[in-house]
Structure formats: structure tokens, C-alpha cells
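Visitor: Below are the C-alpha cells for one structure; questions will follow.
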Amino acid sequence: MSATAVITEATQAAWPVPLSQARTVARLHSVTKRYGQTTALDKFSLELRAGEVVALLGPNGAGKTTAVRLLLGLISPNSGSVRVLGRDPRDADARTRIGAMLQVSRVPEMLRVREHIDLFRSYYPNPLPAAEVIRIAKLEGIADQMFGKLSGGQKQRVLFGLAVCGNPDLVFLDEPTVGLDIESRRALWDEIRALSAAGKTVLLTTHYLEEADMLAHRIVVINKGRLLCEGTPAEIKHRVSGRRIRCITQLDPEFLASLPSVAEVQLDREAVVILAEHPEQVVREMLLRDETLHGLEVSAAALEDAFLALTSDSPETNA
Amino acid sequence: MATNAIAVSAPRPLSLGYYARIFRKETHYEFVKMLRTKAFSLSVLGFPVMFYLLFGSSNRHNMFARYLMPSYSCMGVVSACLFGIGMGIAMERAQGWLEVKQASPMPRFAYLTAKMISCAAFALVIVAALLTLGITLGGVTLTAGEALKLAGVVLAGSVPFTAMGLLVALLVPANAAPGVINLIYLPMSFASGFWMPVQYLPHWLKVLTPALPTYHLAQLALHIFGYSQGGSMLTHWEALAGFTLLMLGAAWIIFTRSEAKA
């Protein structure tokens, strides 16, 4: 019981301290990781401070999973250092205070949900009660089912339950909502918010900007193994706040590119796609100059566009 | 500073009870999982029983009814370990489940031990089934001492073949594992006297036989019932011990190499 008390004390003590000054619980320092010819991470640094939720945001193959696996001690870096809870993550002791939800293609299907939880609880010295895990991961009603019989969303919830059943201080969630429908995704978001409210430190990887925005105190954008930028969701969104304008027009692309706030102009079959910070001005100008303009769509910039904007803004950013 | 106090507070040393509980639960659920996986449990339990019904009971009251009890028991433990451990670990590794376990505080030793004990338990069920069939359908008489000794040899046999299963799991991709294990296990069973006494094997095969771990296991089991080739049993124990060390050593080298590469 004493360990539980210590954890509560830690979170309470950490709260009044601004997150930027809270103690570092995990750190990748200038880490390079290569798999054969490909460099998964290139001099990448990341710090997690007590009580914060950090989203590692990037497209597939950006190096997000590699970062998580390094922090879990599943792999070791080619160069650079990894410290978790003041220790080398390969040190098994540290794991009793860590929970992880990894991307798994299959989980043993012939065990019931309740049995999986019972087994994982036994790995931790001070686990949450099984009933509590079932409540947190919203597994009521499916606890006695075989894992193999569950739907995709239910399976993810079980994996989430296994990640939190040891009452860890530090939780790694590797693409927790990938492949989920909107409803399951939102349900999992609520669960991640509850972790944050309980003062846990969470590292979440995702390729949805929206998800990072909804959950994280801090977003770290990564692509091709390199840090692109990091900041609060507001800071990041400010940098990728462009809109995407798509329409069929006779106007010259070069002229379009010269309009105020236009970041990029691309041709897409018969249409033109414009990325602009202030789409209202651009559209107003275009409509005035081209009466034949039709098929107009204005949408939020996709993450791919956001990455383009981020990289083209300033090649060597460090917020 | 409260925060510093937390950073310094080392985790309490974990008690013996904590480890005992992990081992108990890991083994329990491993066994339940294997039992519920029909593809595994039906074939591993079914084949020795079916073979005995075909070849043991039809040789009622002659030496084969008696001979096939220990020899099929050996077949049972070898197949349980190679399929349960070789295929089991290969699949869990390929699916990413092993990584989830490695990321948890589960002691790695518990994972392998639980699988080994579960496979040994399957082997004991096979021994019990074969002895029952032998006594009832095969007309065999045997003493309690013989039955217990056979169970002991089969239990000991689970160690070298767990080691072999582990090596297979590390070397062979999961989708190829069933095929590769059958290619190892069936010829070895044939050449080691699991199906018929080695003296009836072709001469060229008899030369190879002493190189097989299955042969030494079979000799130990057959010796209990008076069917061994003769000679010192110690040699067979030594051969199995050596084979275990060889397999574990090779597995260890491959594992550390892949760790270094990972």
C-alpha cells in the first residue's frame, strides 16, 4: 500500500509545479537508431516531464514506434542515451512502474479478457483491482469473452486495460486508436484524458493531428526520424493553420502563388489545389478575377499538407 | 522537495511471493491456452492415443503392446515440447505479443518455464492415457514403480526438447514452423525407435541413431520396461544433458545476436 501512497504524493506534488519545470521522467538524448540501411531515428531528442501528456505526431515510418521501443528498452540505440525513471530502460525494475500499449497483430485468442487482465496484474507489485481495470477500460459485459471473439475496438480497449492494470506512473501508447471507428476512438480519448487527470505521464504516438490536439499538453512533430518542431497544441496549430482550396479555374498558377498568404499551388487533374493561411482573401480575389471558377471546396489542411507547411516554413525549426 | 524524494525512493525489493504468484498464474494460463487451442491439444494428445489404439491394442498380449507404451510416451513429450514451445513462441514473436510481454515486468524466465511446465503436463496426460490403454486394451501388466519411473523420464525429457523448441522458435519464421517441426520430429521419431524397435531399422539408419536426442530419451523410457539396447543408462542421461546445453547455447548466441542487431 505504501507505494500507492507514494505515487499519489508524487502526482499531487507535481501538479502545482508548471509542467515545464516538472522533473524529467524519461529522456531520449540525441538518439540515432538504424535498421540496416534505413535510419529510423536521426539524433532525435525527447523529454517527458512528470504529469504531462506528450503526443509524438508523424506519418507512418516517421520513427514514432522506434522511439517508444527505445524507451521501453526493447531495442538499444546505435548512439545517444536513453533514460527512463532515472534508469536504463533495459533494467527490468523500471518496468514495474511503466505500462505500454503496443501495436500487436494478434493476441492469444483462447484466453478470456478477465484472464488476460488477471495475468498482467500479477506482473506488477501494486496493481489496480481487476474490477477497476475493467471499469477504466470499459470492458464491462465483455470480461468473460474470449479475446478472439472481440471486435477491433474492444481488442484495443483490452490492450489499453493491460497497459494501465499495474497502476503505472508512465504510460506509452503506440498508435492506440489506429483502425478504430470514430466512436471507439472518442471513447479511448476519454480514457487517456482520465489517465492524465490522475497525474500519469503519457507518451502517445499518432498520425492524427486532431488526436494530438485533443489530448496532449505538448506535441512533438517528427518525420523521417528527425524532429520537425515541438510546442503546445496551440503553437503547432498556429503553424499549420492553413486551409486547402480546391477549384477549377482559368487563372494562372503563377499568379495564384503570388496572392497573399498562399504557401503552395498544385495542379490536380483539371483542378488547382492551393494551400493558404487566409483562404478568405484568396477566394475573394479569385472569384473577382475569374467568373468561370467552379467546383470550389475549402477544407482544413490535411496532415500531409501540414508537414509540407512545417518543413517549407523553416527547414531547421526548433520551437 | 517531495518530487525529489519520489525520484530517489527505490522500488521495494520484490518478494518471493510476488515471483511465486507470477509463475503460478503464467503456468496456469499457458496450460489453459494450450488446452483450448484445439489444433494443438487434439493433435498432441490425439496422435499417441490413436496410434496406440491402432498398433498397441492389435498386438494384445505380445511385446508390442508393452513396448509402445513408453515409446509413444516419448513421442508425446517430444511433440508437445516442439509444437507447444517451438511453434508457440515463434507465433507469439511474429504477432508482436512477445514484445508486449517483454515490455511488461514479467520475468523472462517465467515465460519459458510456464511453457515448459505446460508441455510437460500435456506429456503426463499422454503417459496416463497410454498406460490406461495398455492395461485395459493391451493386456499389459505393470507395477506402480514402472509407471512412476516412466513419468519421471518423460518429465526429464521435457527439458531437452524445450531447449530444442526454443532454438527452433528463434531460427524458423512462424509460418514455416509447423512444417519445419514436422520435418524434424517425424523422421527423428522413426529413427529413434518410437514406432518400432531400433534393431528392425535399416542398417544405415542404425548408424545415425545414436546421434539423435530422441534415441537417448527412448532408451531411458524403454529401459524401465526391459526393452533397452543394453549398456549404461548414464550415457543416455549424459547425451540428453549435453544436447540440452548445446541447444540452449545455440539459442543464447542467436538471441544475443538478434538483440544486438535490434
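The values are calculated or read from the model by the stated rules, or taken from the named source; none is laboratory data. Keep in mind that this is a model prediction, so the values were computed, not measured. Neighbour counts are summed over all protein chains in view; Cβ atoms, including those assigned to glycine, are modelled from backbone coordinates with ideal geometry.
Visitor: What is the residue count in the range B:73-100 for residues that are within 14 Å of another protein chain (Cβ to nearest Cβ) and in a helix (DSSP H, G or I)?
Guide: Residues that pass the stated criteria total 13.
Visitor: Let me ask something else about it. Just give me the residues in the range A:123-138 being free of Cβ contacts under 8 Å to residues at least 40 places away in the same chain and surrounded by 23 or more Cβ atoms within 10 Å (Cβ to Cβ), in sequence order.
Guide: Selection gives A:133 alone.
Visitor: Let me ask something else about it. Go through (1) modelled with pLDDT under 90; (2) within 14 Å of chain B (Cβ to nearest Cβ); (3) buried (at least 23 other Cβ atoms within 10 Å of the Cβ) one by one and return the number of the condition residue A:10 breaks.
Guide: (3)
Visitor: Is there a residue being modelled with pLDDT of 60 or more, in contact with a Ser or Thr (Cβ under 9 Å, 6 or more places away or on another chain) and crowded, with 18+ Cβ neighbours inside 10 Å anywhere in the range A:280-289?
Guide: Yes: the range A:280-289 contains one or more residues that are modelled with pLDDT of 60 or more, in contact with a Ser or Thr (Cβ under 9 Å, 6 or more places away or on another chain) and crowded, with 18+ Cβ neighbours inside 10 Å.
Visitor: A further question follows. Sort out which residues of the range A:98-122 are under 20 Å from residue A:176 (Cα atoms) and at the interface with chain B (Cβ under 7 Å from one of its Cβ atoms), and write them in order of number.
Guide: A:100, A:102, A:103, A:104, A:105, A:106, A:107, A:108, A:120
Visitor: So residue B:57 ticks every box in (1) at the interface with chain A (Cβ under 9 Å from one of its Cβ atoms); (2) surrounded by 15 or more Cβ atoms within 10 Å (Cβ to Cβ); (3) modelled with pLDDT under 90 but one. Which box is left unticked?
Guide: Every listed condition holds for residue B:57 apart from (1).
Visitor: Condition first: among the polar types (S, T, N, Q), free of Cβ contacts under 8 Å to residues at least 12 places away in the same chain, more than 20 Å from residue B:77 (Cα to Cα) and not in a helix (DSSP H, G or I). Now tell me which residues in the range B:220-262 satisfy that.
Guide: B:232
Visitor: Can you tell me which residue among B:25, B:33 is closer than 19 Å to residue A:96 by Cα, at pLDDT 50 or above and at the interface with another protein chain (Cβ under 8 Å from one of its Cβ atoms)? Spell out the reasoning first.
Guide: On the way: B:33 fails: closer than 19 Å to residue A:96 by Cα.
From the options B:25, B:33, the qualifying one is B:25.
Visitor: Report yes if some residue within the range A:74-86 is basic (Lys, Arg), without any contact (Cβ under 8 Å) to a residue 40 or more places away in the chain and more than 7 Å from chain B (Cβ to nearest Cβ); otherwise report no.
Guide: So the first thing to find is which residues in the range A:74-86 are basic (Lys, Arg), and the list is A:83.
With the extra rule that they be without any contact (Cβ under 8 Å) to a residue 40 or more places away in the chain, the set shrinks to none.
No, that holds for no residue.
Visitor: Among the candidates B:39, B:20, which residue alone is more than 26 Å from residue B:156 (Cβ to Cβ), within 14 Å of another protein chain (Cβ to nearest Cβ) and either basic (Lys, Arg) or more than 16 Å from the chain's Cα centre (by Cα) (or both)?
Guide: B:39
Visitor: Another question, then. Taking the condition of being touching a Leu at 6+ places or on another chain (Cβ under 9 Å), closer than 25 Å to residue B:37 by Cα and not hydroxyl-bearing (Ser, Thr, Tyr), how many residues in the range B:132-170 meet it?
Guide: Residues in the range B:132-170 being touching a Leu at 6+ places or on another chain (Cβ under 9 Å), closer than 25 Å to residue B:37 by Cα and not hydroxyl-bearing (Ser, Thr, Tyr): 15 in total.
Every residue, every condition in (1) in the same structural domain as residue A:285 (by TED's automatic domain parsing); (2) under 30 Å from residue A:46 (Cβ atoms); (3) in contact (Cβ under 8 Å) with a residue 12 or more places away in the chain, yes or no:
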| site | (1), (2), (3) |
| --- | --- |
| A:193 | no, yes, yes |
| A:196 | no, yes, yes |
| A:206 | no, yes, yes |
| A:216 | no, yes, yes |
| A:221 | no, yes, yes |
| A:226 | no, yes, yes |
| A:258 | yes, no, no |
| A:261 | yes, no, yes |
| A:267 | yes, no, yes |
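Visitor: Check the range A:92-108 and report whether any residue there is part of a helix (DSSP H, G or I) and surrounded by fewer than 18 Cβ atoms within 10 Å (Cβ to Cβ).
Guide: Yes, the conditions are met somewhere in the range A:92-108.
To keep it simple, each residue is scored yes or no on (1) assigned to a helix (DSSP H, G or I); (2) of a type in the set (Ser, Thr, Tyr); (3) at pLDDT 90 or above; (4) surrounded by 22 or more Cβ atoms within 10 Å (Cβ to Cβ).
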position: A:190; (1), (2), (3), (4): yes, no, yes, no
position: A:194; (1), (2), (3), (4): yes, no, yes, no
position: A:202; (1), (2), (3), (4): no, no, yes, yes
position: A:212; (1), (2), (3), (4): yes, no, no, yes
position: A:234; (1), (2), (3), (4): yes, no, no, no
position: A:244; (1), (2), (3), (4): no, no, no, no
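Visitor: Quickly run through the range A:123-174 and pick out the residues that are touching a His at 6+ places or on another chain (Cβ under 9 Å) and more than 12 Å from every other protein chain (Cβ to nearest Cβ).
Guide: The answer is A:161, and nothing else.
Visitor: Please list, ordered by residue number, the helices (runs of 4 or more DSSP H) wholly in the range B:107-206 having 2 or more residues that are exposed (fewer than 14 other Cβ atoms within 10 Å of the Cβ), of a type in the set (S, T, N, Q) and in contact with a Pro (Cβ under 7 Å, 6 or more places away or on another chain).
Guide: Fully inside the range B:107-206 and qualifying: nothing.
Visitor: A follow-up question, please. Can you name the number of the only condition in (1) within 17 Å of the chain's Cα centre (by Cα); (2) surrounded by fewer than 21 Cβ atoms within 10 Å (Cβ to Cβ) that residue A:152 fails?
Guide: (1)
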